[in-house]
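Student: Please see the structure below; I have some questions.
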Amino acid sequence: MRRALLMLAGVLFVPAHVVAQNTCPQDVDYTLAANLKITDTPMGAGDGTYPVGPGKITLRVQNNDVRLMKYEMPTRFSIHASVLFWKADVTTDAVTTAGGGCEGVARGRLENGKIVWQTPVRGMRTDGTITCTGNLCGNFGAPPPGKSELHVPPADRSFAAFEMNGPTFSMYGAPPIKLEKPKQTSQIFFSSREIRRACTTCT
């Protein structure tokens, strides 16, 4: 079968409709641009949508079967909160990761131009720091004053379907994640660009 090839930004890509024709498992690396939607912060003072990343993700694809092999999303952003006489400047500097090894951490299927995930992403975790200054710090569920460690232990997290479009895809909002320390609900949205693909030797 004739293989259609697409050249974009100087990188050679195989469009999504050709993926199912590949006979070898292919590891496909993407760079991710993301937005993090934050709600349920103390008195709503830090609610908003904040750009994070760039991140990266590796998918293994063969015959419409997809595995998520690695995921990494740096989340560095600042919130300037002010409500009534309460104020705080909060900077998060962390990274969310999952993956490693040859088995992958989630499984899905390529269906009608979408990757539909059949399992959650296993062992996703977040590690980093939060720095808070202002009189809101330490009150109403806000982070404590100064710099403190941020650790969200490994847990299974779900992704929404990836909407494929040739060498790119978008995810229009993962299921929200609620935290108590700091008090907030977060939801990530991202879009991608393929940067590399090759037959894997890791099986």
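Student: Which condition from (1) touching a Gly at 6+ places or on another chain (Cβ under 7 Å); (2) in contact (Cβ under 8 Å) with a residue 40 or more places away in the chain is the one that residue 41 breaks?
Tutor: All conditions pass for residue 41, except number (1).
Student: Further question on the same structure: Go through the stretch 57-72 and give me each residue that's closer than 15 Å to residue 191 by Cα and touching a residue at least 40 places away in the same chain (Cβ under 8 Å).
Tutor: 57, 58, 59, 71
Student: May I ask you to list the residues in the stretch 129-172 that are surrounded by fewer than 17 Cβ atoms within 10 Å (Cβ to Cβ), at pLDDT 90 or above and on the phi > 0 side of the Ramachandran plot?
Tutor: 146
Student: Right, here's the next one. I'd like the full set of residues that are without any contact (Cβ under 8 Å) to a residue 40 or more places away in the chain and loosely packed, with under 15 Cβ neighbours inside 10 Å, limited to the stretch 102-118.
Tutor: 103, 112, 118
Student: Any residue at all in the stretch 167-182 that's out of contact with any Gly (no Cβ under 9 Å at 6 or more places or on another chain), of a type outside the set (A, V, I, L, M, F, W, C), under 23 Å from residue 27 (Cβ atoms) and assigned to a strand (DSSP E or B)?
Tutor: Scanning the stretch 167-182 turns up at least one residue that is out of contact with any Gly (no Cβ under 9 Å at 6 or more places or on another chain), of a type outside the set (A, V, I, L, M, F, W, C), under 23 Å from residue 27 (Cβ atoms) and assigned to a strand (DSSP E or B).
Student: Being surrounded by fewer than 19 Cβ atoms within 10 Å (Cβ to Cβ), modelled with pLDDT of 95 or more and closer than 30 Å to residue 102 by Cβ is the filter here, so list the residues in the stretch 28-64 that pass it.
Tutor: 29, 31, 33, 54, 56
Student: For the stretch 91-134, give me every one of the strands (runs of 3 or more DSSP E) that falls completely inside it and has 2 or more residues that are in contact with a Ser or Thr (Cβ under 6 Å, 6 or more places away or on another chain) and closer than 12 Å to residue 68 by Cα.
Tutor: Answer list for the stretch 91-134: 106-111.
The values are calculated or read from the model by the stated rules, or taken from the named source; none is laboratory data. Keep in mind the model is a prediction, meaning the values are calculated, not measured. All Cβ positions, even for glycine, are placed from backbone atoms using ideal geometry, and neighbour counts span all protein chains on display.
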